[in-house]
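The values are calculated or read from the model by the stated rules, or taken from the named source; none is laboratory data. Source: prediction; values computed, not measured. Here Cβ is always computed from backbone atoms with ideal geometry, including for glycine, and neighbour counts include all displayed protein chains. Protein only, heavy atoms only, side chains kept; ligands, DNA and RNA dropped before computing areas. Shrake-Rupley method; radii C 1.70, N 1.55, O 1.52, S 1.80 Å.
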Amino acid sequence: MPRFKAKRIANAAARPLLTHTGTVLPEWIDYNGHMNLSYYVLLFDFATEAFLEQLGLTPAFRARQNASTFSAEIHVNYLYELRLGDPVRITTQLLDQDARRIHYFHRMYHRTRGFLAATNELLSLYVDMRARRVVEMPPTIRRRVAALHRAHQLLPVPE
């Protein structure tokens, strides 16, 4: 997975970040002939990992700091079915943040036909893994999150 520098976030301007692309695999298809609901969540989780890395919360950072993020709340809306072989892309918009929380929104699109297939709203908490408690993010991460938040405040809030 590529590593992103802080300047990429500063240059994000007022557009959601592209956080994942992929294709619906055969093992993800259920008895109704479309992608099973659990695999929508899996793809959104891939997007979450990429998003957090873009904020500087990389595996190396987490290991050095002995810290991570935990999902406190997620909401998924299934809007249109995806089928075998469909190409997908996921974008991410930062909705809100503070010293301990990151509130963001994923949109999953059919990559070639362009329709919105599903959305995922999440609240992640920054956690000290030694104490297993929610704590404040370090200043380097806070600055990146705040910079992206300023840019994304110009975007319309999802319904």
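Restricting to segment 135-159, and then to whatever is open to solvent by 40 Å² or more (accessible area, probe 1.4 Å) and in contact (Cβ under 8 Å) with a residue 60 or more places away in the chain, can you tell me which residue is nearest to residue 40 (Cα to Cα)?
Of everything passing the filter in segment 135-159, 157 is nearest to residue 40 (Cα to Cα).
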**Asked** Does segment 26-54 hold any residues that are free of Cβ contacts under 8 Å to residues at least 40 places away in the same chain and under 14 Å from residue 118 (Cα atoms), and which are they?
**Response** 36, 38, 39, 42, 45
**Number of the exception - residue 66 against (1) open to solvent by 10 Å² or more (accessible area, probe 1.4 Å); (2) at negative phi** = (2)
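For segment 74-133, which residues satisfy the criterion of being β-branched (Val, Ile, Thr) and open to solvent by 60 Å² or more (accessible area, probe 1.4 Å)? Can you show your working first?
Taking segment 74-133 as the starting set, the residues that turn out to be β-branched (Val, Ile, Thr) are 74, 76, 88, 90-92, 102, 112, 119, 127.
Those that are β-branched (Val, Ile, Thr) and open to solvent by 60 Å² or more (accessible area, probe 1.4 Å): 74, 112.
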**Message:** Considering only residues that are open to solvent by less than 20 Å² (accessible area, probe 1.4 Å) and over 21 Å from residue 69 (Cβ atoms), which ones fall in segment 29-59?
**Reply:** 35
**Message:** Looking for something more than 16 Å from residue 43 (Cα to Cα) and either in contact with a Gly (Cβ under 6 Å, 6 or more places away or on another chain) or touching a residue at least 12 places away in the same chain (Cβ under 8 Å) (or both) - is there at least one such residue anywhere in segment 74-92?
**Reply:** no
**Request:** Output the strands (runs of 3 or more DSSP E) that fall wholly within segment 39-138 and possess 2 or more residues being over 23 Å from residue 29 (Cα atoms) and acidic (Asp, Glu), or say none.
**Result:** 116-128
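Check 95, 122, 43 and return the single one that is over 16 Å from residue 158 (Cα atoms) and within 15 Å of the chain's Cα centre (by Cα).
Values: 95 fails: over 16 Å from residue 158 (Cα atoms); 122 fails: over 16 Å from residue 158 (Cα atoms).
Of 95, 122, 43, the one residue that is over 16 Å from residue 158 (Cα atoms) and within 15 Å of the chain's Cα centre (by Cα) is 43.
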